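One structure is given here, and the rest of the page talks about it.
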Amino acid sequence: DGSGTGRKRKSRWADDEPKPVIQLPDFMKDFAGGIEFDPEVQALNSRLLEISRKLQSGLPLDDRPEGARSPSPEPIYDNMGVRINTREYRAREKLNRERQEIISQIIKKNPAFKPPADYRPPKLQK
Amino acid sequence: IALQRLMLQPGGPPTKVLCLTNVVSADELKDDEDYEDIVEDMRTECGKFGNLVNLVIPRPRPDGEPTPGVGKVFLEYTDVEGSSRAQQGLNGRKFGGNPVVAVFYSENKFSEGDYEG
């Protein structure tokens, strides 16, 4: 049988390509702030701050004037007859969704980012 | 958070067993000579990262029945250091033109011969 001996062939493994990522030692990352200088990450960070401020300010979240708003969805009531999807509630939900989305994106770009305690990673969907 | 990050690693926390996916096709595995070549290539390359104790490449059954784990390669190292080095070194490397995906695999499943996961 010809197994092993005499059969000169090339390994199927491609040559080890140099890794494109430059790994900084951990202590350097903290020092340099590393990826925080990425303009995209900066933009995401400032939007995140803006949203967090809005959510905590207690001011009305939807301040568009009457004429500039799109039609409201059908009202939904809880079993006490209190409306659930008020304008305020919907605006809050929308900002919360955007906030979670931004945090996910920052984490994707910077795995060392420490998300706020109330951040829940999105459920993976098949 | 450190724990969270650990869990978010591909394939969960490091184990001694590494699973390479997207590596070989069922056709290549059917041919005895090709199969030997693949085993040899794996043994040489993967042995560079640590002490390899076990190498399993599930082959398709001759009767055409589906076999779990076909297309994957399982590598067991003596320690997590070896498997971690291999995970770092092999993930993204090309084997036969395919970019390899290397993830840690449950040691229990592996020892029970369960290659489904």
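List of remarks:
- Within region B:86-117, the set of residues being within 14 Å of chain A (Cβ to nearest Cβ), exposed (fewer than 14 other Cβ atoms within 10 Å of the Cβ) and touching a residue at least 40 places away in the same chain (Cβ under 8 Å) comprises B:P99 only.
- Of all residues in region B:11-22, at least one satisfies being open to solvent by 60 Å² or more (accessible area, probe 1.4 Å) and either at pLDDT below 90 or closer than 30 Å to A:P116 by Cβ (or both).
- Of the set (1) open to solvent by less than 40 Å² (accessible area, probe 1.4 Å); (2) within 14 Å of chain A (Cβ to nearest Cβ); (3) small (G, A, S), all apply to B:G50 but (2).
- Within region B:72-85, the residues that satisfy the criterion of being of a type in the set (S, T, Y) and open to solvent by less than 40 Å² (accessible area, probe 1.4 Å) are B:Y77, B:S83, B:S84.
- Verdict on A:G81 being more than 14 Å from every other protein chain (Cβ to nearest Cβ), modelled with pLDDT under 85 and loosely packed, with under 13 Cβ neighbours inside 10 Å: no
- Residue that is within 14 Å of chain B (Cβ to nearest Cβ) and assigned to a helix (DSSP H, G or I), where the choices are A:S52, A:S104: A:S104
- Selection status of A:K114, open to solvent by 90 Å² or more (accessible area, probe 1.4 Å) and part of a helix (DSSP H, G or I): no
- Residue that is farthest from the other protein chains (Cβ to nearest Cβ), among those in region B:53-85 that are in contact with a Cys (Cβ under 8 Å, 6 or more places away or on another chain) and farther than 10 Å from B:K16 by Cα: B:F74
- Test: residue in region A:17-40 that is modelled with pLDDT of 85 or more, more than 30 Å from B:E45 (Cα to Cα) and in a helix (DSSP H, G or I): no
The values are calculated or read from the model by the stated rules, or taken from the named source; none is laboratory data. Values in this document were obtained by computation on a predicted structure and should not be read as measured data. As a convention, Cβ positions derive from the backbone with ideal geometry for all residues, glycine included, and neighbour counts pool all protein chains shown. Quick note on the areas: whole protein, heavy atoms, side chains included, nothing else; ligands and nucleic acids left out. Shrake-Rupley method; radii C 1.70, N 1.55, O 1.52, S 1.80 Å.
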